[in-house]
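Visitor: The structure under discussion is supplied below as structure tokens; questions concerning it will follow.
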């Protein structure tokens, strides 16, 4: 009889799981990063960071990724203790990104500065994590907050993304590079360096700085007052604002490219993307597919078959 185990993991753990099961991926359903099959069970990893293990012996695979409860509690306390209890009411920069799990879509990062006098206004507007909103709502809110707050958006087209992957980088090291660049641009544009910079954690602090130190052209590394927090949008509205501005930029980019090509580019990395990808290759050829997609995704092999 099949049984099921569900885990909620960090973005870093999700990335490790993707790399671990790369050769066993069987498909990429909607709203997932991947679905893989082992001799023990089927693993479905959702973009929401929930991972479902289902089969005759799911515990064999699940135990590889479970964090001991005591260790998890200690880590959470350590992360949150770096920020004051009233952080939600203090001026801060928030950082977030979108597009990591999108085959056709670009990678977009945003860092946004929300001064304390604008916090209640943004909250009243309904600024929250973009994953809880539909695209039209996101674009409407982005238009409202863009002129209100200082922010920096960086969009990495997939052609450049693929070049960076070919040079030995991975999705997390690319995100670290882009976030650091956005923080450099934003902090230097402000009259004073902020007391709090909150990164919605996609990788742990140590690994984040390891990635930056390993870059061939050593950049200025923004480190002062930078905090790494899981579910950062629940900690400060600045992270939610960054999430919305990043998503709005992503949606606009996809719409522009779709109109330019006269081809409806789908979001995500599920089966509809594979279907659209095959039509895309028939219309434009595999070279154009390489320019517009994250080439290392499992979708590529399925499309080119």
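The values are calculated or read from the model by the stated rules, or taken from the named source; none is laboratory data. Since the structure is predicted, the reported quantities are computational estimates derived from the model, not experimental observations. Note that we place each Cβ from the backbone using ideal geometry, even for glycine, and neighbour counts take in every protein chain shown.
Visitor: Just checking: which of the helices (runs of 4 or more DSSP H) contained wholly in segment 1-98 hold 1 or more residues that are modelled with pLDDT of 85 or more and touching a strand residue (DSSP E or B) at 6+ places or on another chain (Cβ under 7 Å)?
Guide: On the way: elements: 11-20, 58-62, 69-81.
Once the helices (runs of 4 or more DSSP H) in segment 1-98 are filtered for at least 1 residues that are modelled with pLDDT of 85 or more and touching a strand residue (DSSP E or B) at 6+ places or on another chain (Cβ under 7 Å), what remains is 11-20, 58-62.
Visitor: Next up: May I ask you to say which residue of 230, 218 is out of contact with any strand residue (DSSP E or B) (no Cβ under 8 Å at 6 or more places or on another chain), modelled with pLDDT under 95 and over 17 Å from residue 154 (Cα atoms)? Please lay out each step first, then the result.
Guide: Working: 230 fails: out of contact with any strand residue (DSSP E or B) (no Cβ under 8 Å at 6 or more places or on another chain).
218 is the lone residue from the list that is out of contact with any strand residue (DSSP E or B) (no Cβ under 8 Å at 6 or more places or on another chain), modelled with pLDDT under 95 and over 17 Å from residue 154 (Cα atoms).
Visitor: Is there any pair with a first residue in segment 193-217 that is at positive phi and a second that is surrounded by fewer than 24 Cβ atoms within 10 Å (Cβ to Cβ) and part of a helix (DSSP H, G or I) whose Cβ atoms are under 8 Å apart and which are 6 or more apart or on different chains, and what are they?
Guide: Pairs that qualify, where the first residue is at positive phi and the partner is surrounded by fewer than 24 Cβ atoms within 10 Å (Cβ to Cβ) and part of a helix (DSSP H, G or I): there are none.
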